[in-house]
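Below: one structure, written as structure tokens.
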Protein chains: 2
Amino acid sequence: MIATLELPRPYLLFVGGAAESAYAKTACGLRDWAPEHCIGEFGLADGPAVTGLPRMQPAEAHRRGARSLVIGVAIPGGVLAEEWVACLLEALHAGLDIVSGMHSRLASTPLLKRTAEQLGRRLIDVRTPPARIPVGNGRKRSGMRLLTVGTDCAIGKKYTALALTRALRARAIDADFRATGQTGIMIAGSGIPIDAVVADFVAGAAEALTPDAPSGHWDLVEGQGSLFHPSYAGVSLGLLHGAQPDVIVLCHEVGRLHVIDHPEYPLPTLEEAIALHLALARRTNPAVRCAGVSLNTSKLSTTDADALLAAQSDRLGLPCADPIRAGAVFERLVSACLQA
Amino acid sequence: MIATLELPRPYLLFVGGAAESAYAKTACGLRDWAPEHCIGEFGLADGPAVTGLPRMQPAEAHRRGARSLVIGVAIPGGVLAEEWVACLLEALHAGLDIVSGMHSRLASTPLLKRTAEQLGRRLIDVRTPPARIPVGNGRKRSGMRLLTVGTDCAIGKKYTALALTRALRARAIDADFRATGQTGIMIAGSGIPIDAVVADFVAGAAEALTPDAPSGHWDLVEGQGSLFHPSYAGVSLGLLHGAQPDVIVLCHEVGRLHVIDHPEYPLPTLEEAIALHLALARRTNPAVRCAGVSLNTSKLSTTDADALLAAQSDRLGLPCADPIRAGAVFERLVSACLQA
């Protein structure tokens, strides 16, 4: 039984036209984190180059091996403009499937739906969970698992999991990034959009996403939501229980004092956040430990960031690093994750 | 915006035939907890009387005011037998909508779907959440809220919330039972099947279920799952955060030592369960308190049950009662819920 989405790769990245090129965050994320799976970029004739990858038409991309066109740019208003539909149709005719992370489904555009059916192509919405996700069973699985958790949403959980995956692989460790959100799924080429799963099946989805593996293997699971978020804590707990992490890494942003858009919800201290996550994670993996903290210091100068990371590491007795500022500090966090 | 299911009442209760009458748990629950909304029962000609309510055909029930036929009996194999379909068609023709808590949707039986459409009747599956459930906003709402929580699933959370609602009303307190599961929704006539909601919207569903209310009003919210269940804890946490209870009552069954069907997951002590629920509930309602424990003592003699309840009350310093054994002990728990 396959309970995860599997995306056809390599990709051709769709970056829209001149008006949208500043919103090509997904395309740039794919270029940065999955360059070996990106053949090139494709956009409206009036649009500028965006990702630095070679620009090409869908037919050429298909000849070079591309299997799907990924919509790598946010759509103003969420509705497909007519010129966009023409581009997507061109991709379908060239032999590519289409992958989208938009809120509205690709198939809700009748012309796309009809053409895809006629040509036998797939329209894949990565916000739509796969069918037949099982209920969680709580059984301990083989292999090692790390989950990034956060004091809030949108605080670096995906980035941290990706950076740790890359760092483990650089040490010749067998490691997989396990994606739980739309951009992560496109980067990984597979995954489950965990917050779109029916509530009863969230832990089961996390179990399906990180199956039994060889004992030296690491799954690095992208966290979602936060136990401290008044809207999404249930998603985070289901993922925490189902992922059964051996290691958690707490993600936080310097200077963020309250939940985004919720000034009445102050964020916890790092100590409180670590303690609560460990207390709850022990239910499905009594051996869980916190390896350290991933701190987003992008608002600080290098000097200030280095000083802060050193001070926090001392205070917590745990490595505290900013994965964007690679180097010895981050490598200490990586080593702490691997410690038996 | 209405984000809860609303069922047409009063009901006619469908109890099936001779083979199924032992499985009429839902029909008996409706008779016990919503007698004022039950006109009578209806079953196959060969079947025995089940609920003690007057037996009648759909046409007569409709004349007496019934607005829907509720499937009040479990279906062997979950598939509608042909004789059953004939009964449901008769109800549709008599002017009744149909309400079902089955896993398979009513509309998946083509003849039912077609007939309901032709006659303008509704086929209502209470396992299907209503559309347009909002994301939680974490805003504090007016009025009082009580949530029943449990050390495990299927341990008395619905029964306890219903018994407390009845007890509060007996004290002339304005109180509503708020249903989160299929049987509860049929009893209340409205509600949201919280475990069938998409994970991101669970807290929002709980907020929609228990809206602002006058300051003397109590919502008694049916708990779902358990924070200690490896499959369903996320549902329970989303409900806990969204319901923002002022009071929790912990439900447990004497002698249950581990999660049902999960012998490797021991249940927590009552103290541990209370402490974890309060710690997490404080995130959206810092004033939350535990009023006491609802203990299912059905496997004990009256003498043993009374002794155990007294001992547990002393030990915890909280009223500990079995709502099935009404009386002074249970009334102490009710009073503790109301204490300012």
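The values are calculated or read from the model by the stated rules, or taken from the named source; none is laboratory data. Keep in mind it's a predicted model, so treat the numbers as computed, not measured. Heads up, the Cβs are rebuilt from the backbone with ideal geometry, glycines too, and the neighbour counts pull from every protein chain shown. Just the protein is used for accessible areas: all its heavy atoms, side chains included, with ligands, DNA and RNA removed. Shrake-Rupley method; radii C 1.70, N 1.55, O 1.52, S 1.80 Å.
Pairs of lysine residues in the protein assembly as shown that meet both criteria, 8 or more places apart or on different chains and Cα atoms under 29 Å apart, total 19.
What percent does the relative contact order of chain B come to when contacts are Cα pairs within less than 8 Å and at least six residues apart?
15 percent
Treat every Asp and Glu Cβ in chain B as -1 and every Lys and Arg Cβ as +1, leave all other atoms uncharged, and give the resulting dipole magnitude about the Cα centre to the nearest 20 debye.
Roughly 800 debye for chain B.
Rounded if a/c is under 1.5, else prolate if a/b is larger than b/c, else oblate: which is segment A:191-294, with a ≥ b ≥ c the root eigenvalues of its Cα gyration tensor? Oblate, because a/c is 1.5 or more while a/b does not exceed b/c.
Entry comment: accessible area of segment B:1-138 is 47 Å² per residue, from protein heavy atoms only and a probe of 1.4 Å. If you count the DSSP beta bridges with both ends in chain B, what percent of them are antiparallel, to the nearest 5? Here the share of antiparallel DSSP bridges comes out near 10 percent. Separation of segment A:279-297 and segment A:142-221, taken as the distance between their Cα centroids, equals 14 angstrom. Applying 1/(1 + (r/R0)^6) with R0 = 60 Å to the Cβ-Cβ distance of A:Val254 and B:Thr302 gives a FRET efficiency near 0.45. Averaged over the residues of peptide A:275-282, the number of Cβ atoms from other protein chains lying within 10 Å of each residue's Cβ is 2. The convex hull around the C-alpha trace of segment A:243-290, projected and averaged over every direction, spans 3.8 square nanometres.
Could you run the Debye sum over the Cα atoms of the protein assembly as shown, one equal point scatterer each and no solvent, and tell me log10 of I(q)/I(0) at q = 0.05, 0.07, 0.10 Å⁻¹, two decimals? At q = 0.05, 0.07, 0.10 Å⁻¹ the computed log10 ratios are -0.28, -0.54, -1.03. Counting Cβ atoms of other protein chains within 10 Å of each Cβ in B:236-243 and taking the mean gives 5. Rg of the Cα atoms in segment A:1-155, relative to 2.2 N^0.38 Å, amounts to 1.14. Taking Cβ atoms as reference points and 13 Å as the exclusive limit, the residues near B:Leu12 contribute a net charge of +2, counting Lys and Arg as +1 and Asp and Glu as -1. The string of couplings for segment B:334-340 from the Karplus curve (6.51, -1.76, 1.60, θ = phi - 60°) is 4, 4, 5, 4, 7, 3, 6 Hz, one whole number per residue in order, with x for Gly and Pro. With viscosity 1.002 mPa s and temperature 20 °C, the Kirkwood radius over alpha carbon pairs of chain A converts through Stokes-Einstein to a diffusion coefficient of 103 µm²/s.
Excluding B:Leu53 itself, what net charge comes from residues whose Cβ is under 10 Å from its Cβ, given Lys and Arg +1 and Asp and Glu -1? Net of charged neighbours comes to +1. A:Ser21 contributes about 30 Å² of solvent-accessible surface, heavy atoms of the protein only, 1.4 Å probe. With all protein chains in place and a 1.4 Å probe, the accessible surface of the protein assembly as shown carries 55 percent carbon and sulfur. Per residue of peptide B:199-211, the mean number of Cβ atoms on other chains within 10 Å of the residue Cβ is 5.
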